[in-house]
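Nothing in this text is a laboratory measurement; each read-out follows from the coordinates by a stated rule. Note that the structure is a prediction, hence the values are computed from the model and not measured. Positions of Cβ are backbone-derived with ideal geometry, glycine not excepted, and every protein chain shown enters the neighbour counts.
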Amino acid sequence: MLERARPVGIILFPRNINTPNQTRELVAALEDLEPRPFVAADLEGGVVNRLTALWGDLPSPAQAAACGRRAVRGQRIGLEGDELAGLGQHVVTADDRA
């Protein structure tokens with residue numbers, strides 16, 4: 001189906017994610033598609049965490065903000081960005097206004 005649809009982006013959901021290795025293998029297989037799609041997961045923290053199976057619960061944006069701007073940047077850009085990149089994902093977004 002993906003070869004026919006030729007998506008430019010793919011979002012991973014909990015039903016697609018079991019372990020870090022399985023997720024890396026899935027993303028690697030998706031990179032064989034032409035054109036190569038961007039791969040992302042919705043990861044805002046709190047109730048919006050599509051990677052709970054891998055990392056467990058993450059603080060919500062409000063909980064992270066209560067710790068200050070540096071804590072938010074450290075979590076969102078540092079930890080989560082590095083972890084997502086380690087899974088082979090291409091798209092990482094963070095809201096600097098927190």
Legend entry - Packing rank of 28-34, 55-61, where each peptide gets the mean count of other beta carbons within 10 Å, highest leading: 55-61, 28-34
Inset, instruction - Please give the contour-minus-distance gain from Ala5 to Ala65: 0.36 nm per residue of separation, less the Cα-Cα distance, rounded to one decimal in nm. - result: 17.6 nm
